[in-house]
1. Kindly evaluate Val29 against the criterion of being without any contact (Cβ under 8 Å) to a residue 24 or more places away in the chain and in a strand (DSSP E or B).
2. In a strand (DSSP E or B), at pLDDT below 95 and more than 26 Å from Ala105 (Cα to Cα), is that true of Lys19?
3. For the stretch 47-80, enumerate the residues that are within 16 Å of Asp148 (Cα to Cα), touching a residue at least 24 places away in the same chain (Cβ under 8 Å) and surrounded by fewer than 20 Cβ atoms within 10 Å (Cβ to Cβ).
4. Scan the helices (runs of 4 or more DSSP H) fully inside the stretch 86-185 and keep the ones with 3 or more residues being out of contact with any Cys (no Cβ under 7 Å at 6 or more places or on another chain), surrounded by 17 or more Cβ atoms within 10 Å (Cβ to Cβ) and modelled with pLDDT of 90 or more.
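The values are calculated or read from the model by the stated rules, or taken from the named source; none is laboratory data. From a predicted model like this one, the values you see are computed outputs, not experimental measurements. So basically every Cβ, Gly included, is an ideal-geometry build from the backbone, and we count neighbours across all protein chains shown.
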Amino acid sequence: MARERERDRDERDNEFTDKLVHINRVAKVVKGGRRFGFAALVVVGDQKGRVGFGHGKAREVPEAIRKATDAAKRGLIRVPLREGRTLHHDVTGHHGAGKVQLRAAPAGTGIIAGGPMRAVFETLGMQDVVAKSLGSSNPYNMVRATFDALKNQDSPRSVAARRNIKVSALQSRRREGADAEAASE
């Protein structure tokens, strides 16, 4: 029974990829000298639209990474992706002084983003996105701002359900608006 539960947990862990975003070494000065501790920021995802981040602190680096990975797996969010490769619409997110802009991109663009944001998109399974970080370059704030933006991402299906209309009706309205805009120019 216990072995079976452990095997299930191992299988669940294998479906996730994790990326170490940042390690911070902190020193506490004591009578004998300095005591070092480590803080790790890890992003975890299944490369199919689920992603999470975690922060862990410990005296040893591997232990800090393990704690951060466990925290990331507890806080997974699902992000709707268009065609499984990009965002449905442009979105901004912020946390503290960190502000990010995420833009949908055509196929073949790739991931154009800075370090911490790139880790989030790679573990999410996104293939085409253009992202810009404005303000703070602190990796913690950048990751949290990216998650804030991804939480604001809506799929046409969820918008249609919220408005009690069909997805096709929603998309035909969008096309009519674009046609009228093009005709007026």
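1. Judged against the criteria, Val29 is a match.
2. Criteria not met by Lys19.
3. Gly49, Arg50, Leu76, Ile77, Arg78, Pro80
4. 115-124, 139-151
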